[in-house]
Amino acid sequence: MSGDNKKIIYSAMQPSGIPSLGNYLGALKNWKNLQDEYNCIFAAANMHAITVRQDPTELRQRTRDLIALFLSIGLDPEKHIIYVQSDVKAHAEIAWILNCFTYMGELNRMTQFKDKSAKHADNINAGLYTYPVLMAGDILLYQSDLVPVGADQKQHLEICRDIAGRFNSVYGNVFKIPDPYIPKAGARIMGLQNPEKKMSKSESDNMNNVIYILDEPNVIKNKIKRAVTDSDAEVRYGEDKPGISNLLNIYSSVTGKSPEESEAEFKGFGYGEFKEAVGEAVVKELEPIQSKFKEYSADRAYVEKVMKEGAEKAAYIAQKTLSKVKKKVGFPVYK
Ligand code: AQP
């Protein structure tokens, strides 16, 4: 991925569960389309994932599965870098240094920390608090130009820019200041049972709230059938209709149709028929990915080869930035 003038774009996902339809429509589907225009770095952010307690065996398996899923949606490890965060030790090293350039006042404002602390009240650890610093390191190590961000990650990119700017103002131009990449398409997908809150892969309280990318077709259709709606019986967008609006968004994102087109298509439809069509569309989109996933996940040797080679390529770039940073802050430099 060197030797050309393409911009670098950095994207990561936590192996904190099987990715949801929200992860797919808000992130993964767009990642695939970035590959021609940019030099891409795709990471399984397992260091971020342990800010919430994980079962070790499951985490290891899910990390490998996430890489297999990256391959299944068509991310190309030959042209781009696909790697696992913990395989590149520069992440841990730079996170400490950047912690010393981050103010507690800044971290106190992070809404994700507030949300996750409320969700995991028995485990409000320092890692959860400094999560945005680790994330800043991810982005800055690779001198990334762009980071695709959903609405929920905007604040984290802002703090990353602030930390980088602060470091640069002391030591000169060490880090590239990354810009947000706002994808042309990519909706925020809400829970099917609770459409006031985003769909999250780690949610385990109500399985009907989340569609997982690897759910069987009949499971997907049934979850959509059970999705909450309202008593108005009209398929249209409306602030008072979060359930139907969410299903319309899902349909639009999956089919590539505009929200207006989707709304027009279902004019006069009953909720039952509408849900059936949404279910069909989601299944049609996910089935090819699922069958590729079966192939890749059965070939552990290949997936691990991708992980190892990706880590080597990532470490090479990350180490260059880290060496510069260590030199600037006054750590020993050996001849
Ligand atoms: N519901 C969503 N709609 C659209 N995009 C979403 N993303 C997550 N949920 C939705 C996008 O997925 C990318 C990767 O997210 P992550 O794994 O780094 O963490 P997250 O945002 O915290 O995702 P989850 O599914 O909610 O994970 P857990 O349950 O572990 O907290 C990001 O680009 C995000 O915008």
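The values are calculated or read from the model by the stated rules, or taken from the named source; none is laboratory data. Just so it is clear, the model here is predicted, and its values are computed rather than measured. Methodologically, a virtual Cβ is constructed for each residue, glycine included, from the backbone with ideal geometry; neighbour enumeration extends over all protein chains shown. What goes into the accessible areas is simple: the full protein's heavy atoms, side chains included, and nothing from ligands, DNA or RNA. Shrake-Rupley method; radii C 1.70, N 1.55, O 1.52, S 1.80 Å.
Between LYS114 and GLU280, what is the label-to-label distance in nm when each label sits 7 Å out along the Cα-to-Cβ direction?
In this crude label model, LYS114 to GLU280 measures out at 4.4 nm.
Let me spell out the model: positive unit charges on the Cβ of Lys and Arg, negative unit charges on the Cβ of Asp and Glu, origin at the Cα centre of region 134-269. What dipole size does that give, in debye rounded to 20?
Charge dipole of region 134-269: 260 debye, to the nearest 20.
Helix-derived [θ] at 222 nm for the chain: sum -39500 (n - 2.57) over DSSP H runs of at least 4, divide by residue count, nearest 500?
About -16000 deg cm²/dmol.
For the chain, build the charge dipole from Cβ charges (+1 Lys, Arg; -1 Asp, Glu) around the Cα centre, then report which of VAL278, ILE97, ILE41 sits farthest towards its positive end.
Selected residue: ILE97.
Give the residue from SER86, ILE244, ASN123 lying farthest towards the positive end of the charge dipole for the chain; charges sit on Cβ (+1 for Lys and Arg, -1 for Asp and Glu) and the dipole is referred to the Cα centre.
Toward the positive end, the furthest listed residue is SER86.
For the chain, find the longest principal axis of its Cα atoms and tell me its angle to the long axis of helix 154-171, 0 to 90°, nearest 10.
Roughly 10 degrees, rounded to the nearest 10.
Based solely on C-alpha atoms, express the radius of gyration and the Dmax of region 73-217 in angstrom.
17.2, 55
Give the total of Lys-Lys pairs in region 166-288 with Cα-Cα distances below 17 Å; include a pair only if its members are 8 or more places apart or on different chains.
Lysine pair count for region 166-288: 20.
Could you size up the charge dipole of region 185-234 around its Cα centre, putting +1 on the beta carbon of Lys and Arg and -1 on that of Asp and Glu, and report it in debye to the nearest 20?
It comes to approximately 180 debye.
Would you calculate the separation in nanometres between label points at LYS225 and ALA298, each defined as 7 Å from the Cα along the Cα-to-beta-carbon direction?
3.0 nm
Evaluated at 37 °C with a viscosity of 0.692 mPa s, what Stokes-Einstein diffusion coefficient in µm²/s does region 28-69 have when Rh comes from the Kirkwood expression over alpha-carbon pairs?
276 µm²/s
Averaging over every viewing direction, what projected area does the convex hull of the Cα atoms of region 12-84 cover, in nm²?
On the way: hull surface 18.5 nm².
If you wrap the Cα atoms of region 12-84 in a convex hull and average its projections, you get 4.6 nm².
Angle, helix 271-298 long axis vs. longest principal axis of the chain, Cα atoms, 0 to 90°, nearest 10?
That works out to roughly 40 degrees.
Check the straight Cα-Cα distances from LYS313 and name the lysines below 16 Å, setting aside those fewer than 8 residues away within the same chain.
Within the straight-line cut-off, LYS313 pairs with LYS79, LYS89, LYS305.
Using only Cα atoms, what is the ratio of the radius of gyration of the chain to 2.2 N^0.38 Å?
Computed over Cα atoms of the chain, the ratio equals 1.04.
Please compute the per residue accessible area over region 205-245 with all protein chains in place, 1.4 Å probe, rounded to a whole number of Å².
Values: 2160 Å² over 41 residues.
Dividing the accessible area of region 205-245 by its residue count gives 53 Å².
In Å², what does the accessible area per residue of region 36-124 work out to with a 1.4 Å probe?
Normalised by residue count, the accessible surface of region 36-124 is 48 Å².
Round to the nearest 10 and report in Å² the accessible area of TYR129, as given by a 1.4 Å probe over the protein chains' heavy atoms.
In the full protein context, TYR129 sits at about 40 Å².
Against the longest principal axis of the chain, how steep is helix 90-99, in degrees 0 to 90 to the nearest 10, with axes from Cα atoms?
The answer is roughly 80 degrees.
Once you charge only the Cβ atoms, +1 for Lys and Arg and -1 for Asp and Glu, what is the size of the charge dipole of the chain about its Cα centre, to the nearest 20 debye? Each step should come with its number before you reach the end.
On the way: 45 positive and 43 negative charges, 283 e Å.
Charge dipole of the chain: 1360 debye, to the nearest 20.
Accessible area of region 1-151 with a 1.4 Å probe: how many percent of it is carbon plus sulfur? Provide the component values of the computation, followed by the final result.
Values: 3250 of 6230 Å².
It is 52 percent, rounded to a whole number.
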